[in-house]
Amino acid sequence: MKRCLAFLVANLVAAGAMAIIFPPNVQRGMLVASIGASPLVTVGDVVEEGDGYFVNVTSPDPQVAQGLAFILIKEYDFGGLHLTVRVLDGDGNEVVVPDTPATDDPVGESQQYVLAALADNPLFARISDLDAPYTWSYFVELRPTVVRYFSGNIGNPYGVTSWAAEEAFRSVCRDSFFSTVQPYWTTASTDSSFGDEGILPAVAHSSGYFGSLWTTDVWLVGAGATSVDLWFYRQDRDNSDAAKVTVPLSAPVTRITDVVATLFGTTGTGALRYEADGPVRVIGRTSSPSPGGGTSGVSTSGVPLTKAAKGGILGRTLFMVVDQRPGFRAALGLINVQPVAAQVLVTVIDAAGDQVSGFEPLTVSLPPFGVKQINDLLGGLPDEEYAGLVVQARLVGEQGALIAYLSDVDNTSNDPTYQEPY
């Protein structure tokens, strides 16, 4: 709850809001934006009662009502302001579910309650178990969908998508069920191969160093999707107005040769944004003719938007490892996947954790949906070898969501080695 209130305050400050927010109404907004997204659930207004306040959550479906009674937090205290959440059935009767398991499978039993509570909720994707030995935990996966989670005129000024839904569910649902079963509310799919929405970090139709010409072929592998919307995010510009191209998936695999030139009719470097109407896997191969004949290149996979590092207090640093040696060059790619400008701090440390002499930390400005590739990142270092250098990228401030990659390229053959951050 403290995390959600801090997130609220940060948004209010950024939006310039001056009004004093009534905490029970804020919590009602969280209920509306999470379980209230279901057409089977109605969240009532906050009503004063005695020394406190209450809000009714109603469902005419008895199974949905039981599920809600099981998963929801019922009592809140905001520094003396007390709020009670009541779950009602279609006849207005309060629904209460025992807090002890009725079977010898508390994990499965709690999953059934969650499935019932989220029936027809468009924010819900699926439930998936954690790997052993965490046999008392499971993921409740949410869809990366834009939500308004505050009441009144208070919205989400930065266009945060999936993380807003995640915070809303965490704030209204209990931390554990039957005192032992731990649910994890997440928008990051546990299946990293397929997703509805993501970024292919590097695509090109462009000349490069040492006579190289880089082009990208793309494969779209459907797993339930019937079409994919694609946007080309060009490097070094605001891509808010990027044109959308829709590709129908009439076969199990759809190949697009030289995607930048053939699909978008242009040249340049950047990233490929995709959004499908179902699970899809996006694979790219960026290659260049080799000086000795043939081609050299690298294959990459789409990165779900939910894996992006966020700004603010929940932000994290992205790490990539590279050796500096003669005959190789390192290229760092940075992609901002939100519709707001962002700042990224890039630093390089050695294997001992010390800042590398000769590399000054960089602050890189990324416009909305901006893409930046820093070629020959380590070119300013002294002419000597460094093993195990760590490149670090982190958002500065509250705004933006960052996807990054590192490409280590052989200058002689133009053969790259691609690396995602850890």
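Exposure proxy for His205, His82: other Cβ atoms within 10 Å of each Cβ, ordered fewest to most, give His82, His205. For a label point 7 angstrom out from the Cα of Ala341 toward its Cβ, which stretches of segment 365-397 have the backbone nitrogen within less than 16 Å? Within reach of a label on Ala341, which here means backbone N under 16 Å from a point 7 Å along Cα→Cβ, segment 365-397 contributes 365-372, 396-397. For Lys307, Lys74, the sequence from fewest to most other C-beta atoms within 10 Å is Lys74, Lys307. Computed on segment 285-419, with alpha-carbon pairs under 8 angstrom and 6+ residues apart, the relative contact order is 38 percent.
Summing +1 for each Lys or Arg and -1 for each Asp or Glu, what net charge is found among the other residues whose Cβ lies under 12 Å from the Cβ of Ala65? Could the numbers behind the result be given before it?
Numbers: positive: Arg86; negative: Asp61, Asp89, Asp91, Glu94.
Around Ala65, the surrounding residues sum to -3.
Panel order for Trp185, Trp219, by other beta carbons found within 10 Å of each beta carbon, from fewest to most: Trp219, Trp185. Amide hydrogen proximity for Tyr138: with H placed 1.01 Å from N in the peptide plane, the residues at 5 or more positions away or on another chain lying under 5 Å are Leu130, Gln182, Tyr184.
Since every read-out is calculated from the coordinates, none of them should be taken as a lab result. Model, not experiment: these values are computed from the prediction. Note that we place each Cβ from the backbone using ideal geometry, even for glycine, and neighbour counts take in every protein chain shown.
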